[in-house]
Amino acid sequence: MTVLLPIPPLVPIPPIAVPWEVRRMVRLTYLTALTTLLGYVVFFVFGFLRDLFRELLDWSKSDDLRGYAPICPPFEDFYTRRIYHRIQDCFARPIASAPDAWIDVVERYSNDNNKTLHRTSTASRCLNLGSYNYLGFAAGDEYCTPRVIESLKKYAPTACSARADAGTTRLHVELEELIARFVGKPAAITFGMGYVTNSSIIPVLVGEGGLIVSDSFNHNSIVSGARASGATVHVFRHNSPSHLEEVLREQIVKGRQPGTHRPWRKILVIVEGIYSMEGEFCKLPEIVAICKKYKAYIYLDEAHSIGVVGKSGRGVCELLGVDPADIDIMMGTFTKSFGSCGGYIAASEEIIQYLKHASPAHLYATSMSPAAVQQVISAIKVVLGEDGSNRGAKKLAQIREGSNYFRSELKKMGFVVLGDNDSPVMAIMLYNLAKLPAFSRACLRQNVAVVTVGYPATPVLLARARICISASHTREDLIKGLKVISEVGGLVGAKCLPAEPEKAKKMD
Amino acid sequence: MNMTTAALDWVTVVFDAPLARAVVFGVHIDGHLVVEVLLVAVILFQLTRKSYKPPKKPLTEKEIDDLCEEWVPEPLYPPITEEMKTEPPVLESAAGPHTVIDGKEVVNFASANYLGLLGNENIADSCISSLEKYGVGSCGPRGFYGTIDVHLDCETRIAKFMGTPDSILYSYGISTIFSVIPAFCKKGDIIVTDEGVHWGVQNGLYLSRSTVVYFKHNDMASLESTLEKLTHKNKRAEKIRRYIVVEAIYQNSGQIAPLNEIVRLKEKYRFRVILDESHSFGVLGNSGRGLAEYYGVPIEKIDIITAGMGNALATDGGFCTGSVRVVDHQRLSSSGYVFSASLPPYLASAAISAVNYLEDNPSVLTQLRSNIALLWKGLSDLPGLAIASHPLSPIIYLKLKKSTGSFKSDLELLNVITDRVLKEDSVFIVSTKRSVLDKCRLPVGIRLFVSAGHSESDIHKVCDSLTRVAALVLV
């Protein structure tokens, strides 16, 4: 009998285990998990067979790359070639208009089974439930756009230089003062891209010998910044203050090295305001209390919550009643609520002075485009009501009511919906990988553009459709969206929970 | 001898004595059997004993609380020094060849506006029409309705201009290189890179977790010996991916990488080349197509080319270009592309207009080259400062002829020069900025960015000003 040799996995096996609190939150039953896994197994098996045939057919072809290892090893992009390419038309859909409430989705066709997609010149007008356009600043705005065009004419599209060299204009200084005032901190610093903000600030704050404790569902930019810093990174269970306390106690006692118990230099806890794949808020008051008790610094990433939640749009701190002075570093981006690009960090004067001196993005990267800066300044003025109208308050009220209405209606229809009250982001669980393209394509046929996400952005078994509500969606738009989603969700089999009976639905 | 034999006889007798000729259950018991039984009994006895561990008391809750109370963290920031408090000058108009600082007009040699496109009317018009149609931001990553048709047009335009099959657009210049490198280099791969690369490249190399080997700055002999050492009799090296990462024009020194040499070495030792053309795209070569055109190397020989568009093209963002496989792979595995919002559409249309302008007006390159030559001549004889950059580089790098010995004091001296030049002669130049995270140890200096929009009088002004101030401060 031949001896079984250990065969290395030909494809990277993605982590399948789901922690029990997440399972309970997303109502993952054993039947669903098994059928989803079965679906993946079928895909993998067919992918293997096709790879095998490809190898056999290519045996005779000459190899110009003799002596070179392949630039993409076959197992690294197995998922891309055999699974993602089948449903490629559901992602990266080009649009031919501003990412407003209604968009023109360009139609694409493929001649080789979705491997390459070509644009046509026709576009269909669809309801946009996927863009991060929370306050409706994406398209031209009557207050912002004229000012943006004026700034563009005065300062040119870019300054071609880093902030520390010749890239600082009056607008940048004004924006930093304004955002610090808006968020409630003494000073702020801005960068041209949100991703770079996280990746280049975290290494400056914490270096080797420090400890970073971050939520398990944190965004890739935070993970990248934490890895680049050289500090030790520990993860605590998503949104669980008790587990955070456990981790902190254990780590302070253990110290940096197991033998000598040298103490940590500093501890930084990183959480997000709204988690973009689930739509839920972080348990900020409890986490802040724990960090104060154990003298850990706290870093709050408000990419999705600044300008959207809270009575005057000041973010999760206002919503959950936390004093901004208790949070050491507040970070956010301008892409989502303010319809621009870039990121900021707000903290005490000394920290900002140090960051301006030491952060690579401030010293080397091109400064933010002045037109984008002006867009943020005008948008914040509208939200604060400093433009002389109450459009800001109206937008905030509209997005809150719209998202609450949409979520409650979806729940009534029997979908499994994730997301807290007042959060503009919600997720409809689909679980099964094959339901993603079905849901996405069926919705597009009925002129509703939704975003479906699977692995690797979400855990393997928890594929979902994510909805982002905007202040520019009217009630009719939302009703149309609900009608289409209900129909398609029923066809696809996403209504896992019992729907509420019709007569109880006498609302609005 | 007799005594030993006598002793041995006695031992034998003793052993055989007790159970001599005894028969138990049909087995002859000999003396040595007793010893063996005793030995087995001792072994079994020892096996049943518990092994010795030093006693370990778990800490009680109170002890853990005390330890947590005692622990004191370091502050998040070090003590703030005077140099940390200095702010850069604030511009009050566009950063073209002439700009306004503090109400005064100054000659601007601190913006990398190589082709003088800042303030170009056509580009401004295309931006404005784009702003009116698409708004400012794109409100989403490329995978989720953030792909606007101008992005796809820009990618096709750049690929057509460079002569490569495809290209991919990034939303920020510095994030391009540190997203591309981890997408192709993983743990176990080998990367050979210059010691003078900028922070973006260093960050990408660190994030990729590959084995990184540095060679001396722009020294091809050092590169060859490093490659030789790594591949000599190393069978394992043939199975892993190997890369050489260089910049076309190094922004830390203004040197130009000799691409013909690098391609020769790459083909000899079977490495792949990743080239960062941020400061050479739109500058080198007869039509501005970069380092490959300048050296006459066919573009297919370079595997991956990345560039930030914040320099010659006077817009923001970056791109990466190469074969179809290279570009396609990044669309799902490059973190700066997948997890970040896409480039604002008006900047993408600015890029398209800039590339169109460059293709239609190659005379702007001759203007840039003559400006560089003129400035080189004017600065070649400064008291106390020497030019450290390549004669064709649009970044002119002046370093101290006699260093004071430490980076800090060198930088202080250079800052004094740049401040005086700005205040007294209204010429804006900048010194090197080094972050605490930067591993580069090349000497610090003063940088001048030459633009095709500078006039002869601007160039003479900066030469005269630097000569005067350097003489006062350094001699």
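Using the structure shown, list the pairs from B:Lys377/B:Lys402; A:Lys336/B:Lys160; A:Lys266/B:Lys439; B:Lys160/B:Lys301; A:Lys435/B:Lys186 with a Cα-Cα distance above 26 Å, or answer none.
On the way: B:Lys377/B:Lys402 21 Å; A:Lys336/B:Lys160 33 Å; A:Lys266/B:Lys439 23 Å; B:Lys160/B:Lys301 17 Å; A:Lys435/B:Lys186 33 Å.
Beyond 26 Å: A:Lys336/B:Lys160; A:Lys435/B:Lys186.
Using only the alpha carbons, work out the radius of gyration and Dmax of the stretch A:402-479 in angstrom.
Both quantities, over Cα of the stretch A:402-479: 12.5, 35 Å.
In what sequence, highest mean first, do A:319-326, B:330-337 appear when ranked by Cβ atoms within 10 angstrom?
So the order, starting with the most tightly packed, is B:330-337, A:319-326.
For each pair in B:Lys187/B:Lys433; A:Lys381/A:Lys480; B:Lys266/B:Lys433; A:Lys395/A:Lys480; B:Lys233/B:Lys266; A:Lys185/B:Lys62, compute the distance between the two Cα atoms and list the pairs where it is over 29 Å.
Over 29 Å Cα-Cα: B:Lys187/B:Lys433; A:Lys381/A:Lys480; B:Lys266/B:Lys433; A:Lys185/B:Lys62.
Taking R0 as 25 Å, what FRET efficiency do you get between A:Asp326 and B:Thr60 from their Cβ-Cβ distance, rounded to the nearest 0.05?
Calculated value: 0.25.
Report, ordered by chain and residue number, the lysines lying within cross-link reach of B:Lys57, taken as a straight Cα distance under 18 Å and ignoring same-chain residues fewer than 8 apart.
Of all the lysines, those that pass the test against B:Lys57 - Cα under 18 Å, at least 8 places apart if same chain - are A:Lys254.
Roughly how many nanometres apart are two label points built 7 Å out from the Cα toward the Cβ at B:Ser457 and B:Asp125?
That separation, rounded to one decimal, is 2.9 nm.
Residues in the stretch B:144-174, backbone N under 16 Å from the label point at B:Asn356 (7 Å along the Cα-to-beta-carbon vector): list them, ranges by number please.
Once the point is set 7 Å along Cα→Cβ of B:Asn356, B:149-161 turn out to lie under 16 Å by backbone N, inside the stretch B:144-174.
Order these peptides, A:357-367, A:166-176, by their mean beta-carbon neighbour count within 10 angstrom, highest first.
In descending order of packing, they fall as A:357-367, A:166-176.
So if we plug the beta-carbon distance of A:Thr35 and A:Leu491 into 1/(1 + (r/R0)^6) with R0 = 22 Å, what FRET efficiency do we get, rounded to 0.05?
0.80
Where the only charges are on Cβ atoms (+1 Lys, Arg; -1 Asp, Glu), what is the dipole of the protein assembly as shown about its Cα centre, to the nearest 20 debye?
Roughly 2120 debye, rounded to the nearest 20.
Counting every Cα pair in the stretch A:207-353, what percent are over 29 Å apart?
Of the Cα pairs, 14 percent sit more than 29 Å apart.
Would you list which aspartates and glutamates come within 19 Å of B:Lys229, measuring only between C-alpha atoms, while excluding same-chain residues fewer than 8 positions from it?
B:Asp189, B:Asp194, B:Glu195, B:Asp219, B:Glu238, B:Glu261, B:Glu267
For B:Val473 paired with B:Tyr52, estimate the spin-label separation in nm (one decimal), with each label point 7 Å from Cα along the Cα-to-Cβ line.
That separation, rounded to one decimal, is 7.2 nm.
Once the Cα gyration tensor of the protein assembly as shown is found, what semi-axes does its equivalent ellipsoid get, as square roots of 5 times the eigenvalues, in whole Å, sorted largest first?
Working from the Cα gyration tensor, I get semi-axes of 52, 40, 32 Å.
Please give the contour-minus-distance gain from B:Val213 to B:Gln367: 0.36 nm per residue of separation, less the Cα-Cα distance, rounded to one decimal in nm.
On the way: separation 154, 0.36 × 154 = 55.44 nm, distance 3.91 nm.
Separation in residues times 0.36 nm, less the Cα-Cα distance, equals 51.5 nm.
With just the Cα atoms defining each centre, how far is the stretch B:260-279 from the stretch A:172-204? Give it in Å.
Computed from Cα coordinates, the inter-centre distance equals 38 Å.
Taking chain B as the reference, fit the longest principal axis to its C-alpha atoms, fit the long axis of helix B:363-379 to the helix C-alpha atoms, and give the angle between the two in degrees, 0 to 90, nearest 10.
Helix B:363-379 and the main axis of chain B meet at about 80 degrees.
7 Å from Cα along Cα→Cβ at both B:Asp464 and A:Arg27: what's the point-to-point distance in nm?
8.1 nm
Can you give the direction-averaged projected area of the convex hull of the alpha-carbon atoms in the stretch A:154-202, in nm²?
Value for the stretch A:154-202: 4.2 nm².
Between A:Thr366, A:Thr32, A:Gln398, whose Cα lies farthest towards the positive end of the dipole of chain A when Lys and Arg beta carbons carry +1 and Asp and Glu beta carbons carry -1, centred on the Cα centre?
A:Thr32
I need to check one value: relative contact order of chain A, counting alpha carbon pairs closer than 8 Å and at least 6 residues apart, in percent.
19 percent
Count, for each residue of A:220-228, the Cβ atoms from other chains sitting within 10 Å of its Cβ, then give me the mean as a whole number.
Across A:220-228, the average partner-chain Cβ count within 10 Å equals 4.
Determine the calculated [θ] at 222 nm for chain B from helices alone, applying -39500 (n - 2.57) to every DSSP H run no shorter than 4 residues and normalising by the residue count; nearest 500 deg cm²/dmol.
Details: 16 runs with 206 residues, N = 475.
The helix contribution divided over chain B gives -13500 deg cm²/dmol.
Using only Cα atoms, what Kirkwood radius does the stretch B:334-475 have, in angstroms?
Values: mean 1/r = 0.0577 Å⁻¹.
Taking the inverse mean of 1/r over all distinct Cα pairs, the stretch B:334-475 comes out at 17.3 Å.
Hey, with R₀ at 56 Å, roughly what FRET efficiency would A:His261 and B:Thr86 work out to, going by the Cβ-Cβ distance, to 0.05?
0.85
Report, as an integer, the average count of C-beta atoms from other chains found within 10 Å of each Cβ along B:101-112.
3
Can you give me the Cα centroid spacing of the stretch A:344-378 and the stretch B:373-401 in angstrom?
31 Å
Mind checking A:239-245 for the average number of partner chain beta-carbons within 10 Å of each residue's beta-carbon?
Across the residues of A:239-245, the mean count of other-chain Cβ atoms within 10 Å is 0.
How high is the relative contact order of chain B, given as a whole-number percent (alpha carbon pairs under 8 Å, six or more residues apart)? Could the numbers behind the result be given before it?
Values: 806 pairs, mean separation 89.2, N = 475.
Computed over chain B, the figure is 19 percent.
Of all DSSP beta bridges located in the protein assembly as shown, what percent are antiparallel, nearest 5?
Details: 60 of 100 bridges.
Here the antiparallel bridges make up roughly 60 percent for the protein assembly as shown.
Compute the relative contact order of the stretch A:318-358 as a whole-number percentage, counting only Cα pairs closer than 8 Å that sit 6 or more residues apart in sequence. Please report the intermediate quantities before stating the final value.
On the way: 28 pairs, mean separation 11.9, N = 41.
Relative contact order here is 29 percent.
By its C-alpha gyration tensor, with a ≥ b ≥ c as the square roots of the eigenvalues, how is chain A shaped: rounded for a/c under 1.5, else prolate for a/b larger than b/c, else oblate?
rounded
Read-outs throughout are calculated quantities, based only on the coordinates presented, and are distinct from any laboratory measurement. In this text the structure is predicted, and so the values were computed from the model without any measurement. Virtual Cβ from ideal backbone geometry, glycine too; neighbours counted across all protein chains shown.
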